[in-house]
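Here is the structure we will look at.
Quick note: the coordinates plus some simple rules give every number you see, no bench work behind them. These numbers were taken from a predicted model, which means no experiment stands behind them. Here the Cβ positions follow ideal geometry from the backbone for every residue, glycine too, while neighbour counts run over all protein chains shown.
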Amino acid sequence: MSATAVTEAPAAVTLAGVSKVYGRGGSAVPALDQVSLAAEPGEFTCLIGASGCGKSTLLNLVAGLDQPTSGEISVGGRVALMFQEPGLFPWLTAAGNVELALRARGVRKAERKQRAAELLDAVHLAGFGKKRPHELSGGMRQRVALARALAQDADVLLMDEPFGALDAMTRDLLHDELDRVCEGRNLTVLFVTHNVREAVRLGDRVVLLSSRPGRVIAEYKVPIERPRRIDSAPVAELAGTITDRLREEVGRHGK
């Protein structure tokens, strides 16, 4: 009897010994040091750590906006990046902002309007396509930004504190929205946040980075069944464990 080989699907994002140093000589600032990390297809990975630990730098490297000083990065598929600020063009409507991403992909004009309408509907903004950014609330602008990111037909979605500037209730609603949008799309998400409860609420896994230079010092699987609430006891318990470890790290560096 012959054994059947089992071939594992390659990781969607792989970082192998990645370091990033800004500047040279005595003025050099190390941002990341020997970071190794793999995100599986469809996995939602949250990155947390003290300010300046290199979380945003890591996303920029994965997005190809910057190059590592050493190490290797492999990304399988198309990448979209979403920032804390929506970055919408104020002279375009909500639909126009989404259509711009479709146009960049080469989607034909006849299809763009229908596809933009479908994406706005996916983030519960049906009927708001003709509104300009100044006519929308902060949460609605972030929904447009999410629709624009999805318009890029990405396999990997990089999110850099996208809900950090929103009030607690709006943020909670957008957590639900993000859950719903990601479900069934097999999106791989790398999500940067300072909010430990947010990380546990959203993530399949939480990765803790050390203070500068950023290193992976702990990883936490999140075994809590979905849907989750940010104020639920299981979320609070795991968030408390991670927060204690984060405080140790911050205290170790005297920050």
**Study point:** Spatially proximal lysines relative to Lys130 (Cα-Cα < 22 Å; intrachain offsets below 8 disregarded)
**Key:** Lys109, Lys113
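I want the antiparallel fraction of DSSP beta bridges within the chain, as a percent rounded to 5.
Working: 17 of 35 bridges.
Roughly 50 percent of the beta bridges in the chain run antiparallel, per DSSP.
Which helices, taking whole DSSP H runs in the chain, have alpha carbons extending 27 angstrom or more along the helix axis plus mean Kyte-Doolittle at least -1.0? Working shown, then result.
Numbers: long enough: 233-252 (28 Å, -0.27).
Span-like helices here: 233-252.
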Revision key, fill the gap. Output ordering of 182-191, 221-230 (per-residue mean of other Cβ within 10 Å, highest first) is 182-191, 221-230
Exercise for review: Could you pull out every one of the aspartates and glutamates with an alpha carbon less than 15 Å from that of Lys131, ignoring same-chain neighbours closer than 8 positions?
Suggested key: Glu99, Asp121
Practice item. Just rank Met140, Met159, Met169, fewest to most, by other beta-carbon atoms within 10 angstrom. Key: Met169, Met140, Met159
Point to revise | C-alpha center-to-center spacing [segment 34-60, segment 199-221] in angstrom | key: 7 Å
Review point. When we measure straight from the Cα of Lys20, which lysines land under 17 angstrom away, once same-chain ones fewer than 8 places off are left out?
Key: Lys55
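Show that you can apply the helix-only estimate: for the chain, add -39,500 (n - 2.57) for every DSSP H stretch of four or more residues, divide by all residues, and state [θ] at 222 nm to the nearest 500. Present the calculation step by step, with values, prior to reporting the outcome.
Numbers: 7 runs with 90 residues, N = 255.
Mean residue ellipticity at 222 nm (helix-derived): -11000 deg cm²/dmol.
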Exercise for review: Search the structure for amide H atoms under 5 Å from the amide H of Ala165, placed 1.01 Å from N in the peptide plane, and list their residues when 5 or more places away or on another chain.
Suggested key: none
Review point. Once phi is turned into ³J(HN,Hα) by the Karplus curve 6.51 cos²θ - 1.76 cosθ + 1.60 with θ = phi - 60°, what whole-Hz value does each residue of segment 196-208 show in order, with x for glycine and proline?
Key: 5, 5, 4, 4, 6, 4, 9, x, 7, 8, 10, 10, 9
**Study point:** Karplus-derived HN-Hα couplings along segment 33-39 (A = 6.51, B = -1.76, C = 1.60, θ = phi - 60°), whole Hz, x at Gly and Pro
**Key:** 9, 6, 7, 10, 7, 10, 10
Exercise for review: Mind sorting out which of (1) 18.9, 64; (2) 19.3, 68; (3) 18.4, 58 is the real Rg and Dmax of the Cα atoms in Å computed from the coordinates?
Suggested key: (2)
Practice item. With just the Cα atoms of segment 88-154, tell me how far they stretch along each of the three principal axes, in Å, largest first. Key: 30, 22, 19
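I need the shape label for segment 34-79. Rule: rounded when a/c is under 1.5, else prolate if a/b > b/c, else oblate, with a, b, c from the alpha carbon gyration tensor. Let's see the in-between values first.
Numbers: a/c = 1.65, a/b = 1.14, b/c = 1.44.
Note, shape of segment 34-79 comes out oblate.
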Review point. What's the exposure ranking of Asp231, Asp172, Asp33, going from fewest to most Cβ atoms within 10 Å?
Key: Asp231, Asp172, Asp33
Exercise for review: Compare Leu119, Leu100, Leu146 in a GNM of the chain, Cα atoms joined below 10 Å, and give the one with the largest fluctuation.
Suggested key: Leu100
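Would you mind ranking Leu178, Leu58 by Cβ crowding within 10 Å, fewest neighbours first?
Details: Leu178 24, Leu58 30.
The order, fewest Cβ neighbours first, is Leu178, Leu58.
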